[in-house]
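Have a look at the structure below, then the notes.
The values are calculated or read from the model by the stated rules, or taken from the named source; none is laboratory data. This structure is a prediction, so every number in the text was calculated from the model and none was measured. Note: ideal-geometry Cβ built from the backbone for every residue, glycine included; neighbour counts use all protein chains shown.
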Amino acid sequence: MFLSVKRLPHPIPPADKPNPKAAQALQEGLGGQFGEMRTMMQYFFQNMNFRGDAKPYQDLLRSMATEEMAHVEQITNTINILLEGASKNSDEPTELPLSVALDSPNIHHFLVAGQSARPVDAAGNPWSATYVYDSGNLVLNMIYNLMLECTGRLQKCRLYQMSDDKAYRSTVSYLIVRDLVHEKVFAKALETLGVDWGKSLPVPKFDTSKMPEVKDLERKNLHNQMWTFANKGETSLLDKIFKGDSPFDDGGKLEVIEGFPEGVDIPNLPDATQEFSSGLDSELMKLTRELQTMSKK
């Protein structure tokens, strides 16, 4: 089972301006072949399907899958913030409040989803369960997962170069750093299974030295930390694998932290009456407020 904490892992500042094009690009990081929905489902299934007596690796997959759920929530909220305000909320009969949808790179953000994110890639293709790799073989899964994280980080570095919007870059930079940590997790797992990186496959290096938001997070050692995402009193053996020096030549000591990150408040998006969202008239709104008042008693 999982515990739901109503927080996001990383702050999302207000967008510089409504930006449907940046929202469209960010869809790749959500629902693309190497996006956050893919990593979440891949590690989740590998964890649930785990066979054999090798608990540290199963704990590793469980903590990774749980963090990826938070990344899905992080990137979805960022897409929504980038879409907020793109359409006009006006009672003027001569205005077309959703005319922006005709010029948007993804009309479904407005036509289907009520001005919000969808489980699709940047080209609008639906997320597919066929992306999920789970061979049942521990070594193969670890190798494939490392490749997945490397490719995901490559794409996030490309996304970083596409927009300098503050909301967009805050999330993309955070995911670049966390993808690096996840590369290290699987690299350390493979080390325990006999891999010598000096004589084995090279891990691609992506230069983020000119990305100030990324460097700021690395100064906080976020590129070397993993949370257990385990309930209080529950033992995780993640620290049996994720320990010691970084497996890459970026320096730093690896650190396992019990529990989960403190997080930040989830943005509360206003009604979009032009989208008939949330669709609550005055009577329905009264009922929802009464319900909330009752829950506080």
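List of remarks:
- Qualifying residue in the stretch 234-244 (condition: under 25 Å from Pro13 (Cα atoms) and free of Cβ contacts under 8 Å to residues at least 40 places away in the same chain): no
- The residue of the stretch 1-31 that is surrounded by the most Cβ atoms within 10 Å (Cβ to Cβ), among those that are within 30 Å of Val139 (Cβ to Cβ) and more than 12 Å from the chain's Cα centre (by Cα), is Phe2.
- Glu92 closer than 28 Å to Arg158 by Cα and among the charged types (D, E, K, R): no
- Scope the stretch 158-183; condition surrounded by 18 or more Cβ atoms within 10 Å (Cβ to Cβ) and more than 19 Å from Ala70 (Cα to Cα); matching residues: Leu159, Tyr160, Ser163, Asp165
- Here the condition is being in contact (Cβ under 8 Å) with a residue 40 or more places away in the chain, more than 19 Å from Leu190 (Cα to Cα) and either not in a strand (DSSP E or B) or not charged (D, E, K, R) (or both); of Asn268, Asn231, it holds for Asn231 alone.
- The set of residues in the stretch 1-51 being among the aliphatic types (A, V, I, L, M), part of a loop (DSSP other than H, G, I, E, B) and touching a residue at least 24 places away in the same chain (Cβ under 8 Å) consists of Leu3, Val5, Ile12, Ala15.
- Residues satisfying the stated conditions in the stretch 271-286, i.e. free of Cβ contacts under 8 Å to residues at least 12 places away in the same chain and surrounded by fewer than 11 Cβ atoms within 10 Å (Cβ to Cβ): Asp281, Ser282, Glu283
- Residue check for Asp196: without any contact (Cβ under 8 Å) to a residue 40 or more places away in the chain and buried (at least 23 other Cβ atoms within 10 Å of the Cβ): no
- Some residue of the stretch 94-108 being at pLDDT 95 or above, within 30 Å of Ser4 (Cα to Cα) and under 26 Å from the mean Cα position of the chain (by Cα): yes
- Test: residue in the stretch 240-253 that is more than 30 Å from Arg178 (Cβ to Cβ) and either more than 23 Å from the chain's Cα centre (by Cα) or not acidic (Asp, Glu) (or both): no
- Exclusive hit being more than 19 Å from Glu149 (Cβ to Cβ) and either surrounded by 13 or more Cβ atoms within 10 Å (Cβ to Cβ) or touching a His at 6+ places or on another chain (Cβ under 9 Å) (or both), set Asp250, Asp265, Asp239: Asp239
- Across the stretch 148-170, the number of residues qualifying as more than 17 Å from the chain's Cα centre (by Cα) and closer than 19 Å to Gly31 by Cβ comes to 2.
- Arg118 under 16 Å from the mean Cα position of the chain (by Cα), surrounded by fewer than 20 Cβ atoms within 10 Å (Cβ to Cβ) and under 22 Å from Gln24 (Cα atoms): yes
- Contacts under 9 angstrom Cβ, first residue in the stretch 68-82 being over 29 Å from Asn47 (Cα atoms), partner at pLDDT below 95 and not hydrophobic (A, V, I, L, M, F, W, C), 6 or more apart: Asn80/Pro267; Ile81/Pro267
- From the list Leu111, Leu175, Leu201, the lone residue that is in contact (Cβ under 8 Å) with a residue 60 or more places away in the chain and out of contact with any strand residue (DSSP E or B) (no Cβ under 7 Å at 6 or more places or on another chain) is Leu175.
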